[in-house]
Amino acid sequence: MKIKHLGLLVVTLVIIIGAWKISSEKAPQTEVSRQALLPELLSQVNLAARVNLRSKEHTTELERQGDGWVITNRDNFPALGGSVKRSLLQLASLRRVEAKTDSAERYDKLGVEALDSDDAAGTLVEILAADGKPLSALII
């Protein structure tokens, strides 16, 4: 009985090692650099005083007032300050996994074409300091 179990264990180990070797040989050989997408934003996130979100159809403008945030284009309705701060920190900590394209002709497939184009699907996120100086911008 013990020899039967030992044989089964050896066969299982051989299968696992073989599968590991085959999968490691077929793994992609390109290295992905996981660099920060917005490296300047992480050090300046506390300077953010205004966040503009613009899509083809909608605009939302958030502004810091004191310790809180308000939606200025909605009669200064209070925004959830913790959610705004968390979103800014998450944007600042985004990492680039892989390059998608450098060709502007393919931006529409990714949904990151300019907002003035007919088929714009993305949202422009602009983060500004209190003096109006842009800290960061990207289309998502």
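Computed from the coordinates by the stated procedures, all read-outs in this text should not be read as laboratory data. Quantities reported herein were computed from a predicted structural model and do not represent experimental measurements. Every residue, glycine as well, gets a Cβ built from its backbone with ideal geometry; the counts of neighbours run over all protein chains shown.
From a point 7 Å beyond the Cα of Glu126 in the direction of its Cβ, which residues of the stretch 58-81 have a backbone N at a distance under 19 Å?
It comes to 58-65, 70-76, nothing else.
Suppose each label sits 7 Å from its Cα in the direction of the beta carbon; what would the Lys109-Leu47 distance come out to in nanometres?
Going by the 7 Å Cα→Cβ label model, 3.7 nm.
Please determine, in degrees from 0 to 90 and to the nearest 10, the orientation of helix 81-92 with respect to the longest principal axis defined by the Cα atoms of the chain, where the helix direction is its Cα long axis.
Compared with the principal axis, the helix lies near 60 degrees.
Return, ordered by residue number, the residues of the stretch 114-140 whose backbone nitrogen is under 19 Å from a label point located 7 Å along Cα→Cβ of Arg74.
123-128
With the dipole of the stretch 6-116 worked out from charges on the C-beta (+1 for Lys and Arg, -1 for Asp and Glu) around the Cα centre, which of Thr60, Ala36, Asn73 lies farthest toward the positive end?
Ala36
Would you check the chain for Lys pairs whose C-alpha atoms are within less than 29 Å, ignoring same-chain pairs closer than 8 in sequence, and give me the count?
12
For Arg95 and Asp118, compute 0.36 nm times the residue count separating them, minus their Cα-Cα distance, and round to one decimal in nm. Show your work: numbers first, answer last.
Numbers: separation 23, 0.36 × 23 = 8.28 nm, distance 2.95 nm.
Here the segment from Arg95 to Asp118 would lengthen by 5.3 nm.
Could you give the angle, 0 to 90 degrees to the nearest 10, between helix 2-25's Cα long axis and the longest principal axis of the Cα atoms of the chain?
Relative to the chain, helix 2-25 is tipped by roughly 40 degrees.
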